[in-house]
1. Give the peptides 298-311, 70-83, 237-250 in descending order of average Cβ contacts within 10 Å, highest first.
2. Between Glu230 and Met339, what is the label-point separation in nm under the 7 Å Cα-to-beta-carbon projection?
3. Points 7 angstrom from Cα along the Cβ direction at Glu174 and Ser298: gap in nanometres?
4. Considering only DSSP states other than H, G, I, E and B, which GluC sites (Glu not before Pro) in segment 58-151 qualify as loop sites with at most 11 other Cβ atoms within 10 Å?
5. What percent do you get for the relative contact order of the chain when only Cα pairs under 8 Å and 6+ apart count?
6. How big is the shadow of the Cα convex hull of segment 84-177, averaged over all directions, in nm²?
7. Cross-link partners among aspartates and glutamates for Lys155, C-alpha distance below 17 Å, same-chain residues fewer than 8 apart left out?
8. Go through Tyr61, Thr162, Trp344 and say which Cα lies farthest out towards the positive end of the charge dipole of the chain; charges sit on Cβ, +1 for Lys and Arg, -1 for Asp and Glu.
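Values quoted throughout were computed directly from the atomic coordinates according to the rules given, and no laboratory measurement underlies them. Please read all numbers here as calculations on a predicted model, not as lab measurements. When we count neighbours, we look across all protein chains shown, and the Cβ atoms used for this are built from the backbone with ideal geometry, even at glycine.
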Amino acid sequence: MADFAEITNFIKNLFGDSFVPLHEPRFSGNEKKYLNDCIDSTFVSSVGKYVDRLEKDFAEYTGSGYSVAAVNGTCALHTALKVVGVNSGDEVLTQPLTFIATANAISYCGASPVFIDVDLDTLGMSPESLSDFLNANCSLVGGKCVNSATGKVIKACVPMHTFGHPCRIDKICEICAEWHIPVIEDAAESLGSTYKGRHTGTFGILGVFSFNGNKIITSGGGGVIVTDDELLARRAKHITTTAKQPHKWEYVHDEVGFNYRMPNLNAALLCAQLEQVDGFLKNKRELADIYRRFFETSNIEFFKEPDCANSNYWLNAVILSGLKERDNFLEYSNSNGVMTRPIWRLMNKLSMFSDCFSADLKNSEYLEERVVNIPSSARLG
Ligand SMILES: *Cc1c(COP(=O)(O)O)cnc(C)c1O
């Protein structure tokens with residue numbers, strides 16, 4: 001049995017605190033300056049220069065053609081799914097090991113998630129599991145991928161870069177291209193993470209990021225959709241802004257749109273945060289390196305970035321030997337001032353998604369019983 005006291009003491013010393021949260025935001029740049037400027041301008045709401053600036057800066061940072069700001073990552077995912085045509089009665093491939101937002105966004109479209117297993121070394125969708133599922137269950141009918149077991153069309157595939165570790169996204173896109181399935185990357189956790197030198201979120205036809213308070217940078221709440229496709233970007237902007245046709249004074253809306261735009265106030269905060277992202281990334285990789293060296297001398301495995309990837313190490317993770325040790329560690333650390341959390345309950349085990357089609361999920365089940373996140377904030381000083 002590992003020495004939990006030694007681990008919790010090490011973490012408290014590392015952060016120099018008697019209580020260590022899992023992930024805290026850091027505001028050490030132009031946040032207050034931009035927020036004050038935004039308030040003074042009176043443009044605090046749905047239009048303003050910070051939204052425009054953010055969309056420009058974010059596209060540049062990720063190397064995308066276009067970016068569209070949204071009110072949060074979940075709404076950004078919903079929008080991305082709508083934009084590629086996911087509708088009621090469709091199916092969308094995703095992984096069971098993800099935050100609830102991924103599966104919820106699929107449900108908002110009236111579609112059902114289909115759960116594909118993850119790889120043990122990436123925590124993200126497994127290309128082998130994906131390919132096996134498609135070959136065993138699906139066929140191309142009139143250019144559409146149909147799941148023979150349910151008779152439904154598979155309209156999209158949403159892999160996720162878990163804790164900022166890139167999945168084998170190039171391979172996933174290759175397989176999906178053969179099956180005419182558009183890929184939307186849930187890159188909510190992977191700002192700053194690259195795979196084979198390219199930013200996560202830019203491999204699929206669309207990519208989605210989140211700026212919730214616990215993410216690597218935050219706008220309080222917020223999300224961004226990135227794409228290289230100008231038409232999709234325009235369509236995403238249109239449906240997130242109530243589908244209003246541009247006009248000097250008339251209110252003409254050409255479809256049922258959403259009020260999903262990011263307020264200028266949140267964009268002001270995010271512009272200031274984005275200026276600091278490289279510093280946060282450096283800081284977090286240093287922390288991950290300290291953890292890696294520490295856990296080398298223990299019998300607990302520290303999760304390291306996959307091959308070909310440069311991870312943001314948004315949330316550091318350890319892999320315990322099984323459910324019992326996992327629960328003992330969660331109990332000990334949380335009772336002793338160090339906040340730790342288990343990886344998510346698998347989506348297919350939640351009541352709303354328990355009837356959804358699932359592939360063999362042995363890796364997801366293995367990880368669900370063992371993975372625990374440990375404190376990962378950028379350290380001060
Ligand atoms: C945070 C997150 C989202 C989006 O969450 P919001 O809180 O709506 O911004 C989506 N998917 C994953 C995997 C996430 O971690």
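1. On the way: 298-311: 18.4, 70-83: 25.8, 237-250: 13.4.
Per-residue mean Cβ counts within 10 Å order the peptides as 70-83, 298-311, 237-250.
2. Computed distance between label sites Met339 and Glu230 equals 4.5 nm.
3. It works out to 3.8 nm between the two label points.
4. Numbers: sites: Glu60, Glu91, Glu128; in loops: none.
Filter output for segment 58-151: empty list.
5. Numbers: 843 pairs, mean separation 93.5, N = 381.
Relative contact order here is 25 percent.
6. Details: hull surface 23.1 nm².
For the Cα atoms of segment 84-177, the hull's average projected area reads 5.8 nm².
7. List returned: Asp90, Glu91, Glu174, Glu178, Glu185, Asp186.
8. Tyr61
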